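Structure, as structure tokens:
The values are calculated or read from the model by the stated rules, or taken from the named source; none is laboratory data. Being a predicted model, the structure only gives us computed values, none of them experimental. Please note: Cβ atoms are built from the backbone with ideal geometry, for glycine as well, and neighbour counts cover all protein chains shown.
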Amino acid sequence: MPRGHHDIGGTTRDAGPIDRTEHQLEDWEILADAVNQALGARGIKRTDELRRAREEMDSELYRSLSYYERWGASMENILIEKKILTREEVDRKVAEFEKKWGEP
Amino acid sequence: MSVDPSAKQNETTQEHGHPHPKHELSYHAKRIYAIRELLLEKGVVTREDIQAQIDYQEARSPANGARLVARAWVDPKFKARLLADPKAACAEMGIDATSLNEFVVLENSEKVRHMVVCTLCSCYPRPILGRPPDWYKSFNYRARAVNDPRGVMREFGQELGADIEVRVHDSTADIRYLVLPLRPPGTEGMSGEELAKLVTRDSMIGVVDALPALPGSRKNA
């Protein structure tokens, strides 16, 4: 079985130096973290489910997203899978926000 | 890491039920706000739930872990309890570790150093140390910790003798690890509070030892 894109222990692709620069979390990252934990506290999703969702993501996407973007994308997929919300609802809500925020 | 306090305010003081981002958000960041809003509308989670999680994470920092380690250094009976039943030992110190499924404390020795990674993602003892640093989540750390732990330590400024064994522990969704670093020499007679200052986050992940005693801080016990 080939390795999944998440299974990178010991691989050479990422054998370079470790970037130890820390970035200050942005509001949306803190929110992604908190919403995810709140769902966990309510028993709606488990850590292993979220990990499975990340492991099932498109490999290119997995590599290109930032850490909390991966969290968000996998959380969305899990919530859709559990029929708590739909992709269209999220799309509509984003469009609504963009209108309010004055963005295209 | 310091958390932007405006995030808290956003949670509590939003007037129109929508966020006011300071600058342009990415596609996925916007979706986070949308998901939050939908979950609130549907009553899946409450604003208070989310705020409670923000507060919880803000209250977690490596200082918690440092208190555990410093106490273990000065109190052998506590150390034994910390190794045998880490969650109970945390509770004794007022640290809530109950959200962890399994929590293991790894004791370093002169001959063995432990190092913690999550090769598959970013599992970390968050109730004890707070959110993981960015480098812990990086592809490079995840890739290298398992087959080049000595090289990783070197990058963090520590050259380990070839006679010292390195054991790397890969975290999972169910098991989290905390390294109990060696007590630095020359720290006899130091108080728990002074000792805790030597216990860095990185020393509890195991990529380096605890800080050496500062010159002049040595006391005659």
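With a requirement of 2 or more residues that are under 26 Å from A:S74 (Cα atoms) and out of contact with any strand residue (DSSP E or B) (no Cβ under 6 Å at 6 or more places or on another chain), the helices (runs of 4 or more DSSP H) lying completely within segment B:35-105 that satisfy it span B:47-59. Of all residues in segment A:1-40, those that are outside any loop (DSSP other than H, G, I, E, B) and closer than 16 Å to B:V146 by Cβ total 0. Check whether at least one residue in segment A:9-20 is among the hydroxyl-bearing types (S, T, Y), free of Cβ contacts under 8 Å to residues at least 60 places away in the same chain and more than 7 Å from chain B (Cβ to nearest Cβ), and report yes or no. Yes: segment A:9-20 contains one or more residues that are among the hydroxyl-bearing types (S, T, Y), free of Cβ contacts under 8 Å to residues at least 60 places away in the same chain and more than 7 Å from chain B (Cβ to nearest Cβ).
Just one of the listed residues (B:R150, B:R126) is within 12 Å of the chain's Cα centre (by Cα), surrounded by fewer than 22 Cβ atoms within 10 Å (Cβ to Cβ) and among the charged types (D, E, K, R), and it is B:R126.
Looking only at residues of segment B:45-67 that are under 12 Å from the mean Cα position of the chain (by Cα) and away from chain A (no Cβ under 14 Å), we find that the one that is surrounded by the most Cβ atoms within 10 Å (Cβ to Cβ) is B:G65. Assess whether B:Y56 counts as being of a type outside the set (S, T, N, Q), free of Cβ contacts under 8 Å to residues at least 24 places away in the same chain and within 22 Å of A:Q24 (Cβ to Cβ). Against the criterion (of a type outside the set (S, T, N, Q), free of Cβ contacts under 8 Å to residues at least 24 places away in the same chain and within 22 Å of A:Q24 (Cβ to Cβ)), B:Y56 qualifies. For the residues B:V179, B:V166, B:V207, the requirement of being under 17 Å from the mean Cα position of the chain (by Cα), within 21 Å of B:S109 (Cβ to Cβ) and in a strand (DSSP E or B) singles out B:V179. Checking each residue in segment A:67-90 for being more than 8 Å from chain B (Cβ to nearest Cβ) and within 14 Å of the chain's Cα centre (by Cα) picks out A:R70, A:W71, A:S74, A:N77, A:I78, A:I80. Within the bounds of segment B:150-170, is there any residue that is within 14 Å of chain A (Cβ to nearest Cβ), under 16 Å from B:L180 (Cα atoms) and touching a residue at least 60 places away in the same chain (Cβ under 8 Å)? The answer is yes; a qualifying residue exists.
In this structure, does B:V3 turn out to be at pLDDT 95 or above, outside any helix (DSSP H, G or I) and facing chain A (nearest Cβ under 7 Å)? Answer is no for this residue. Restricting A:E98, A:E88, A:E76 to residues that are in contact with a Lys or Arg (Cβ under 9 Å, 6 or more places away or on another chain), free of Cβ contacts under 8 Å to residues at least 40 places away in the same chain and more than 27 Å from B:F139 (Cβ to Cβ) narrows the list to A:E98.
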